[in-house]
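K.L.:
After the structure tokens below, expect a handful of questions from me.
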Amino acid sequence: MHRCLLVAIDNALKVVNVQTGQIIRSIRSRSQLTSIADFAIDPSNEFRVLVAYSSPRIEVYDWTDGLLITVPIPRLAHKDTAWQLSDTLT
């Protein structure tokens with residue numbers, strides 16, 4: 001597998017080949033009306049990326065093929081969201 005860089009631009013997460021600079025794939029939310037607020041690699045699975053949208057919604061993708069992964073993520077209602085989210089995925 002090539003070394004890749006993940007870059008969030010508006011409502012898409014771009015997977016870029018570091019050596020060539022080519023965009024390998026573009027991962028988009030099912031809703032085109034929302035932008036990406038943040039994203040992070042799942043510490044328990046380096047091929048999963050968690051994408052937080054401004055809508056607010058969180059989706060989990062396999063960034064190597066762009067497929068949406070169904071992972072139960074609880075609705076986060078208070079400040080300790082990072083702890084709750086990582087606790088759910090491990």
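The values are calculated or read from the model by the stated rules, or taken from the named source; none is laboratory data. This is a predicted model, so every value here is computed, not measured. Note: ideal-geometry Cβ built from the backbone for every residue, glycine included; neighbour counts use all protein chains shown.
K.L.:
Among the residues of the range 69-83, is there at least one that is at pLDDT 90 or above, surrounded by fewer than 13 Cβ atoms within 10 Å (Cβ to Cβ) and not hydroxyl-bearing (Ser, Thr, Tyr)?
P.N.:
Scanning the range 69-83 turns up no residue that is at pLDDT 90 or above, surrounded by fewer than 13 Cβ atoms within 10 Å (Cβ to Cβ) and not hydroxyl-bearing (Ser, Thr, Tyr).
K.L.:
Val51: under 18 Å from Arg3 (Cβ atoms), surrounded by 15 or more Cβ atoms within 10 Å (Cβ to Cβ), under 12 Å from the mean Cα position of the chain (by Cα) and modelled with pLDDT of 90 or more, yes or no?
P.N.:
So Val51 fails the test.
K.L.:
Checking the structure you have, find out if any residue of the range 36-43 is exposed (fewer than 13 other Cβ atoms within 10 Å of the Cβ) and at pLDDT below 80.
P.N.:
No, because not a single residue in the range 36-43 is exposed (fewer than 13 other Cβ atoms within 10 Å of the Cβ) and at pLDDT below 80.
K.L.:
Residue by residue through the range 10-22, note down the ones that are farther than 20 Å from Arg48 by Cβ and either surrounded by 11 or more Cβ atoms within 10 Å (Cβ to Cβ) or not β-branched (Val, Ile, Thr) (or both).
P.N.:
Asp10, Gln19, Gly21, Gln22
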